[in-house]
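Enquirer: One structure coming up, written as C-alpha cells, with questions to follow.
Each value in this text was obtained by applying a stated rule to the coordinates, not by laboratory testing. Nothing here was measured: the structure is a model prediction, and the numbers come from that model. Ideal geometry is used to build each Cβ from the backbone, glycine not excepted, and the neighbour counts take in all protein chains shown.
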Amino acid sequence: MSVYITSTGHHLPGEPVDNARIEEVLGRVHGKPSRLKRRILKSNGIRQRHYAIDAEHRTTIGNDAMAARAGEDCLAQGYLAKLRIEMLSVATSQGDLVLPGFGSMVQAELGLSDVELNTSHGICSSSMMALKAAYTGVKAGEHGNALVIASELASRLFKASRYEAAGAEVDFDAEFLRWMLSDGAGALLLEKRPRELCFRIDWIRGISHADAFPVCMSVGRPAAGEGHASWQDYPTYAEAEAAGALLIRQDVRLLDHLVKLGVDGLLRLIDEGRVAVDKVDHLLCHYSSHYFRGKIFDMLTQAGAAIPEQKWYTNLYSRGNTGCASLFIMLDEFRRTQRYAEGDTLLCFVPESGRFNNVYMHLTVVKESS
Amino acid sequence: MNSKVTTPAGQECLQGLMRTWFEFERQLGRVPVIQRLERGRFTLEDHRRLLLHLRQQVVEGARWITRGASSFDRRYTDVRSMVIDHAREEHRDYEMLEADYVAAGGERQALIEGERNAGSEALHAFMMYRASQPNPVDLIGAMWIIEGLGQKMAGDWARRVEAATGDDGCTRFMRYHGENDDAHLDKLYALLDRVCRDAADCRAILRTARVVARLYVLQLEEVDHD
C-alpha cells in the first residue's frame, strides 16, 4: 500500500525579523551588543526569521497553538475533514510544558477527537521520526490517514535574561544557536490515496550514530566539572540555571561529523540502490547553515555523487532555521511555489547534530488519475 | 571543487573508501582512550601511553611501504616510484613521535623496550603480508586509512591533546601529518584512478582498507589493556 502526502501547511508567527532587528527582540545580554552575531549570521546566510516572542519577551503564541495553526492550514488546503483524522503524530524539541507529551496539547488545541497519538522527542530529526511513525501506521493499514505536525518555539531560550541568569560571560557554544534558530511550525497530511498532484512516500530511513559520538547539541546538560549529569540533579532549578545548565548549547567542534555522516548515509543509500543521484530532481536538505551546504556539496562532489546545485531547494534564508519544523515548512513552500511534474523525485534529508541522527526520505510526484 | 577521481571504477572505489573511513571514525568513537580524548577526560598519562603504543607500529611503518614498493613489477614502475617517494618522506617520522613522548615526561628507554600490543602485532603482520604479494594495489586501501588518520590526528586529536594536557610541546608527530595532507591525498586520488581498473581491484582495495581500519581500532583498544 502506498502512502501519499496530500496536503501541507505552515505557521510562522508574527512579522519576519531581519538581521538588524534580532537583538531588539531577543535582547542584549548585560545590555551589550553581541560580538559574535555578525560572524555567525554571515556564515549561516539566514536573512530573516520569525519569533513567537515580542521585544518585551511576552510569548505571542504558544508552541501548541503554532502547531495547531499549521495543522489547520494543512487541513484547509486538503480534502479531508478534520473529523476524519485518525492519527496525530507530533514533534517538537521542547513543548510549552515539560509534561504531558506535546501531542496531547496539540490535539486539544486542534480539537481532534479519538485520534491515535504519537509524540516524538528529539531535535531536528524528531519531525522525521514523527513522520515515519505516521507513515508506517498508515502503510500497515492501522490508519487511513494521519496528520503530522512539527513545531518549534526556540526563542524562549534566547532571551537575554536567560544568559544573564547564567552568569557573566556567554561562551561561544552557548551563544551560537542564538543566531541560528527561530520559531515556526509545519504540517503534512498523509493519506492512502493520491489527491491531484501530490507526493508519494517511497521510503523514509533514519540512521543514528549516538553510540559513536559525544553529545553535540543539548539543553539541560551541565558543563564538564559541574559534578552533575543533568539539570535535574541540582537541589533547585534556580541553581541549575545559575550554573548555565539550562542554556542551549552546540559543541561546534563536532559539527564536521554531521557533514561526514550525512554524506556517509547518502553513499550507503546509493549502495543499497535506494538513491540514484542522477535521478534526483529536487533535493530538500535541512542544513542549518549555508556554510554546511558548501561542505556537503564539496564532499559529495569529491565522492562523484554530487547533486547539481540547481536541484537544491531551501527556504532557510527567508524562513529561518526552525529546527524540526524546517523540513515541513520547506516542503510546504516547495509544494506551493515551485514547479514540479508528475514523476519528479524529491530527496529530503534532515541531519540532526543533537547526537547525530540523520533521516532521509524519498518522494515521487504522482498525479491522481481523473 | 571537482571530482578528483575520474574513472568509473575509481569513483565507485572512492565512494566505498569514504564509507569505510566514516565507519572507521565511528569505531574510533567507541574506543575508550579516544572517548576520553573527545570528552575532555584525557590526561598527560593517557597521551604518553597512547604514544608508547603507537610508536611500536609507526616504527615499522616504513618497512611495509618499502616492502610494498619492491613487490610492484615492471608494469607498475610509476606506482613503485610514488611508493618509494612516500617511504622516503615518512620513514623516520617515528623519531618525532619519540621526541614527543620524552617531552610529555616519558622515558626513552620505555619506548625502545616497548613491545607491540596485540592490535599492533596483527596490523603489522597483515601489512607485511599484503605488501609481500605481487603488485599489491590493495595497499592503497591501507594508505587511505593511515593518511586519513594522519589528517585526523593533525586537525582534531592534536588540538584536543593540547587542550586536555595544557601542553603543546608533545604533539609534533600528530601535527606533522597534517602539513602535507593535501599533496598526499591528491597523490592518492591519482593512484586510485591508476590502479583501480575493475571490480576485483575495487573489492581488494576496500577489503584491505576495512581490515586495516579494524586492526587499527584493535591497536587503540589495546592501549587500555596493558
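Enquirer: Starting from the Cα gyration tensor of chain B, take the square roots of the eigenvalues, sort them a ≥ b ≥ c, and report rounded, prolate or oblate (rounded when a/c is under 1.5, otherwise prolate if a/b is larger than b/c, else oblate).
Expert: On the way: a/c = 1.87, a/b = 1.62, b/c = 1.16.
Prolate, because a/c is 1.5 or more and a/b exceeds b/c.
Enquirer: Residue by residue through A:302-314, how many Cβ atoms from other chains fall within 10 Å of the Cβ on average?
Expert: Working: counts 10, 11, 13, 5, 3, 0, 0, 0, 0, 0, 0, 0, 0.
Mean shielding by partner chains, rounded to a whole number: 3.
Enquirer: Taking beta carbons within 10 Å but only from partner chains, what does the mean come to for residues B:151-159? Display every interim value, and only then the final one.
Expert: On the way: counts 0, 0, 0, 0, 1, 4, 0, 0, 1.
Average neighbour count from other chains, rounded to a whole number: 1.
Enquirer: Connecting C-alpha atoms closer than 10 Å in a GNM of chain A, tell me which of A:Ser218, A:Ser43, A:Ser326 has the biggest fluctuation.
Expert: A:Ser43
Enquirer: Classify the stretch A:172-313 as rounded, prolate or oblate, taking a ≥ b ≥ c as the square roots of the eigenvalues of its Cα gyration tensor: rounded when a/c is under 1.5, otherwise prolate if a/b is larger than b/c and oblate if not.
Expert: Working: a/c = 2.39, a/b = 1.79, b/c = 1.33.
Taking the square roots of the gyration eigenvalues as a ≥ b ≥ c, the stretch A:172-313 is prolate.
Enquirer: What number do you get for the protein assembly as shown when its Cα radius of gyration is normalised by 2.2 N^0.38 Å, N = residues?
Expert: Values: Rg = 26.5 Å, N = 596, 2.2 N^0.38 = 24.9 Å.
Against the compact-globule rule of thumb, the ratio is 1.06.
Enquirer: Let me ask you something else. Please state the relative contact order of chain B as a whole percent: Cα pairs under 8 Å, 6+ residues apart?
Expert: Numbers: 289 pairs, mean separation 82.5, N = 226.
Relative CO of chain B lands at 36 percent.
Enquirer: Cut-off 12 Å, label point 7 angstrom out along Cα-to-Cβ of A:Arg84: give me the residues of the stretch A:143-187 whose amide nitrogen falls inside.
Expert: Hits in the stretch A:143-187 for A:Arg84 at 12 Å: A:144-146.
Enquirer: Counting pairs of alpha carbon atoms under 8 Å apart in space and at least six apart in sequence, what relative contact order in percent does the stretch A:69-183 give? Each step should come with its number before you reach the end.
Expert: Numbers: 144 pairs, mean separation 33.7, N = 115.
Averaging sequence separation for qualifying contacts and normalising by length gives 29 percent for the stretch A:69-183.
Enquirer: Would you list, by chain and number, the lysines whose Cα falls below 27 Å from the Cα of B:Lys4, excluding same-chain residues fewer than 8 positions away?
Expert: Within reach: A:Lys260, A:Lys279, A:Lys295, A:Lys311, B:Lys152, B:Lys187.
Enquirer: Helix A:290-302 versus the longest principal axis of chain A: what angle, 0 to 90°, nearest 10, using Cα atoms?
Expert: Roughly 50 degrees between the two axes.
Enquirer: Label the stretch B:1-82 by shape, choosing from rounded, prolate and oblate, from the square roots a ≥ b ≥ c of the eigenvalues of the Cα gyration tensor; if a/c is under 1.5 it is rounded, and otherwise prolate applies when a/b is larger than b/c, oblate when it is not.
Expert: Values: a/c = 3.60, a/b = 1.48, b/c = 2.43.
Oblate shape, in that a/c is at least 1.5 and b/c is the bigger or equal ratio.
Enquirer: So how far apart, in nm, are the two label points at A:Arg28 and B:Leu44 if each is 7 Å from Cα heading toward Cβ?
Expert: With each label point 7 Å from Cα toward Cβ, the separation is 4.4 nm.
Enquirer: Follow-up question, since we're still on this one. Any idea what the relative contact order of chain A is, in percent, if you count C-alpha pairs under 8 Å spaced at least 6 apart? All intermediate terms of the calculation are to be shown ahead of the outcome.
Expert: On the way: 817 pairs, mean separation 92.1, N = 370.
The value is 25 percent.
Enquirer: Run the numbers for A:Arg253 and A:Arg21: contour at 0.36 nm per residue of separation, minus the present Cα-Cα distance, in nm.
Expert: Details: separation 232, 0.36 × 232 = 83.52 nm, distance 2.84 nm.
Contour length minus the Cα-Cα distance gives 80.7 nm.
Enquirer: If packing is taken as the mean number of other Cβ atoms within 10 Å per residue, what is the order of A:51-60, A:149-158, highest first?
Expert: A:149-158, A:51-60
Enquirer: Just counting partner chain Cβ atoms within 10 Å, what average do the residues of peptide B:17-30 show around their Cβ? Write down the numbers at each step before the final one.
Expert: On the way: counts 1, 10, 9, 1, 2, 11, 3, 0, 7, 9, 1, 1, 7, 3.
Shielding by partners across B:17-30 averages 5.
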